[in-house]
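Worksheet: the structure to be examined is printed underneath.
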Amino acid sequence: MYTAEMLESIKKVEATRAQRLGVEPRRMTAEEKEELLKKFHPDYREDGFQEIKVGPNKGEKAPFELGTLLHSNSRILNVPIDLNKVDYDVDVLVIGGGGAGSSAAIEAHAAGANVMMVTKLRIGDANTMMAEGGIQAADKENDSPQRHYLDAFGGGHFAARPELLRRLVMEAPDAIQWLNDLGVMFDKDKDGRMITTHGGGTSRKRMHACKDYSGAEIMRVLRDEVWNRQIPVVDFTAAVELIKDDRGQAAGAVLQNMETGEYKVARAKTVIIATGGAGRLHYQNFPTSNHYGATADGLVMGYRAGAPLLYQDTIQYHPTGAAYPAQIFGALVTEKVRSVGAMLINVDGEAFMHPLETRDVAAASIIRECTERGKGIKTPMGYGVWLDTPLIEMLHGEGTIEKRIPAMLRMFLNYGIDMRKQPILVYPTLHYQNGGLEIGGDGFTKVIPNLLVAGEAVGGIHGRNRLMGNSLLDIIVFGRNAGKAAAARSKEIELGVMNLDHLQKYAEELENAGLHTGSVSPMLLPNYTFSMPR
Amino acid sequence: MQEMANVFFYGKKYSVPADLTIMAAMEYSGYRLVRGCGCRHGFCGACATIYRIKGQNELKTCLACQTQVQDGMYIATLPFFPADKRNYDMEEISPKQRVMMDLYPEIYSCIGCNACTKGCPQSLNVMQYIAYAQRGDFEKCAEESFDCIGCGICTSRCPAGISHPMVGTLARRLTGKYIAPKSEHLKNRVEEIHSGAFDELIEQIMEKPITEMKELYNNRDIEK
């Protein structure tokens, strides 16, 4: 299905393949990486950002599209909502139906709390489901939590919050054990040893996987467990704003049925925001690997209620999104493809970088190859570089691709591209929100009592870049923690009188700052109608 | 000139660019999706779809996000299908053949029509994994069903009323929890951490100044 031009370039890739086999390209020095990032990483493009004019992070910058949502009024600013008519009354309200929300709900339920999940689509419609490559944990003899800490801390540019990163790495083996005991099928050898590989920036092979359906397998099991426990899941219902009480505590959320538009009031002693990422905001016009509902709703709701953001200006562009064909533009090509041996190759057949640099460095390097160096391969949507997948089977034998990365094989075969025989075209895709709402080591926000955040909606766990496999890990570790902590806290809470006063207060701030965006937030879903969707 | 295709959503005709997926074509035509759209990349099973090409008899099934439109497609989406999930406690059940008889007895009513397999957008051998479940071979059932995304097309086509994805899920969880070999290294590491073996080491690294951390990071040895 490749164009004649692409086929010409493939010949060059094939011509150098044998001499590249088994030769590891040089890794960049710290200085080279820094220079590369400054010049080519989208986070450094001034025009992709705007200054936040209101709220706790006033004066800091945010991606332009997120800034616009933060500068918009509530969807329910002038909607009469009767808070005395309580439709749901629970100990723990989990907003979000992905891996973090489900883990939280399971643990809260196990702790005896009355817990409810609310999700604007279905449980499992989440980035967790789409995580392919794996989950990190330092559980091999040559590895340790402090080594995991160093890899993640350095990979995140020494900006991670130590108390959060400590929890992430120290509770990682426990998270794997928990998933294993729930029945997640990890890749193991016949003696039970986990089959682990490298991810970009890891110093030990600690990437556990379930083929390349790692997130899907984890999500399927968590969802099944939520169902088995008969935890109420109110689906196709979005949380549109948090409710606070007269003591300033989180006290629930206003919900809206996505199909009928009907509003409902959920009162809760503790609220867990587990709403995930923001890929569908298409920062800097990038395509995204994210699911349909990734619109930063939790960040917007939390911020309006007064919770500060952290690192909202750093975004992860996954280096290898599908660049061709158009039908899968932006879809994730898991890093595991490189973990098992594929190299990044330019139009002339040259391996222009080490395939397992950290994601920010790899993305910037691919962008440089396609722009300044002019060595990208032209596609109908822009440019791409080759990911030389046939190498995988030369290294590990025939059948490896089908066994280890079947989802990738299937995705490209759908469009007549057999990655066992031909390389595939990749270009960075908007993948992950490094920043989010700020929490303390206990999982609670620091300014709104009884409000917790877990998963991709948290900022600070990874710093300014995240390593592969640390996100599936963080949703489990921080999801479980949030569920336990919320259940425990809910036993001590007395709620005061509920109100939505913060919506009006925020509206006044917007008015005073002279902001009129013409839209409301949170966004809930992107609008692709009558356009060429992404 | 962009090549266009005529397609029919729920019987109504629309002209759409021929290189779009069914999902993108619906949006291009003005549908704002709430149901029938999830991950958009073939992993969540939200967008099960049934179609027939005008003039052809065969009814086909697919995922709307992973399938390119064709001229003359009559399309109906299947955003929800009432599958039947049974509840169980993973700590109480065990991987004995009996468990399927107890929880999903209808699998023994399979008439072997293979409509499930023919309908699967992941090209799984669905009828085969149900056969493995029938005879209590959960590991094989788990392996064969592993790439299931739970779209429910198999269930919608089954004359015996089997909820295949639910059966696969049970087999996989039994395999992961009870049948797959235990990971000693994992158990050991969890015990070490719980016993406090790494407490001091992690404190030490957390307390190091950034300059020293940079030095350590830039010079750390990387496993080959």
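The values are calculated or read from the model by the stated rules, or taken from the named source; none is laboratory data. Computed from a predicted structure; not experimentally measured. Cβ coordinates were reconstructed from backbone atoms using ideal geometry, including for glycine residues, and neighbour counts include every protein chain displayed. We work out accessible area using only protein heavy atoms, side chains counted, and drop any ligands, DNA or RNA first. Shrake-Rupley method; radii C 1.70, N 1.55, O 1.52, S 1.80 Å.
Take segment A:187-203 and flag every residue that is open to solvent by 10 Å² or more (accessible area, probe 1.4 Å) and within 7 Å of chain B (Cβ to nearest Cβ).
Selection gives A:K188, A:K190, A:D191, A:R193.
When you scan segment B:122-136, do you find a residue that is more than 30 Å from B:R40 (Cβ to Cβ), away from every other protein chain (no Cβ under 11 Å) and touching a Pro at 6+ places or on another chain (Cβ under 9 Å), even just one?
Within segment B:122-136, the first condition is being more than 30 Å from B:R40 (Cβ to Cβ), and the residues that meet it are B:131-136.
Okay, now just the ones that are also away from every other protein chain (no Cβ under 11 Å), so B:131-136.
From the residues that got through so far, the ones that are touching a Pro at 6+ places or on another chain (Cβ under 9 Å) too are B:136.
Within segment B:122-136, one or more residues are more than 30 Å from B:R40 (Cβ to Cβ), away from every other protein chain (no Cβ under 11 Å) and touching a Pro at 6+ places or on another chain (Cβ under 9 Å).
Go through (1) open to solvent by less than 20 Å² (accessible area, probe 1.4 Å); (2) free of Cβ contacts under 8 Å to residues at least 24 places away in the same chain for B:F146 and report which single condition fails.
Single failed check for B:F146: (2).
Would you mind finding the one in A:A152, A:A209 that is buried (at least 24 other Cβ atoms within 10 Å of the Cβ) and over 30 Å from A:T445 (Cα atoms)?
Testing whether each residue is buried (at least 24 other Cβ atoms within 10 Å of the Cβ) and over 30 Å from A:T445 (Cα atoms) leaves just A:A209.
Without any contact (Cβ under 8 Å) to a residue 12 or more places away in the chain, within 7 Å of chain A (Cβ to nearest Cβ), of a type in the set (A, V, I, L, M, F, W, C) and surrounded by 15 or more Cβ atoms within 10 Å (Cβ to Cβ), is that true of B:I202?
Judged against the criteria, B:I202 is a match.
Of the residues that sit in segment B:112-121 and are of a type outside the set (G, A, S) and under 13 Å from B:K60 (Cα atoms), which one is most open to solvent (accessible area, probe 1.4 Å)?
Per the stated criteria, the residue is B:K118.
Scan segment A:255-274 and tell me whether some residue there is part of a loop (DSSP other than H, G, I, E, B), closer than 16 Å to A:G101 by Cα, away from every other protein chain (no Cβ under 14 Å) and not aliphatic (A, V, I, L, M).
No, every residue in segment A:255-274 fails to be part of a loop (DSSP other than H, G, I, E, B), closer than 16 Å to A:G101 by Cα, away from every other protein chain (no Cβ under 14 Å) and not aliphatic (A, V, I, L, M).
Here are some conditions: (1) within 13 Å of the chain's Cα centre (by Cα); (2) open to solvent by less than 10 Å² (accessible area, probe 1.4 Å). A:A486 meets all but one. Which one does it not meet?
A:A486 satisfies all of (1) within 13 Å of the chain's Cα centre (by Cα); (2) open to solvent by less than 10 Å² (accessible area, probe 1.4 Å) except (1).
Being surrounded by fewer than 21 Cβ atoms within 10 Å (Cβ to Cβ) and within 30 Å of A:E132 (Cα to Cα) narrows it down to one of A:N470, A:N527, so name that one.
A:N527
Given segment B:1-111, what strands (runs of 3 or more DSSP E) lie entirely inside it while holding 1 or more residues that are away from chain A (no Cβ under 14 Å) and open to solvent by less than 70 Å² (accessible area, probe 1.4 Å)?
B:4-9, B:48-53, B:60-63, B:73-77
Among what's in segment A:211-236 and is of a type in the set (A, V, I, L, M, F, W, C) and at the interface with chain B (Cβ under 8 Å from one of its Cβ atoms), pick the residue that is farthest from A:N290 (Cα to Cα).
A:W227
Quick check on my filter: what residues within segment A:476-531 are over 21 Å from A:R267 (Cα atoms), in a loop (DSSP other than H, G, I, E, B) and away from chain B (no Cβ under 14 Å)?
A:A513, A:G514, A:L515, A:H516, A:T517, A:G518, A:S519
For residues in segment A:296-318 being under 29 Å from A:G200 (Cα atoms) and among the aromatic types (F, W, Y), which is most open to solvent (accessible area, probe 1.4 Å)?
Among residues in segment A:296-318 that are under 29 Å from A:G200 (Cα atoms) and among the aromatic types (F, W, Y), the one most open to solvent (accessible area, probe 1.4 Å) is A:Y311.
B:R173 versus (1) surrounded by 17 or more Cβ atoms within 10 Å (Cβ to Cβ); (2) part of a loop (DSSP other than H, G, I, E, B); (3) within 7 Å of chain A (Cβ to nearest Cβ): which is the lone unmet condition?
Every listed condition holds for B:R173 apart from (2).
From A:I392, A:I367, A:I424, which residue is modelled with pLDDT of 95 or more, of a type in the set (A, V, I, L, M) and under 25 Å from B:C65 (Cβ atoms)? I'd like the intermediate steps shown before the answer.
On the way: A:I392 fails: under 25 Å from B:C65 (Cβ atoms); A:I367 fails: under 25 Å from B:C65 (Cβ atoms).
Exactly one of A:I392, A:I367, A:I424 is modelled with pLDDT of 95 or more, of a type in the set (A, V, I, L, M) and under 25 Å from B:C65 (Cβ atoms), namely A:I424.
Which is at negative phi and modelled with pLDDT under 95, of A:L36, A:L21, A:L66?
On the way: A:L36 fails: modelled with pLDDT under 95; A:L66 fails: modelled with pLDDT under 95.
Answer to the check: A:L21.
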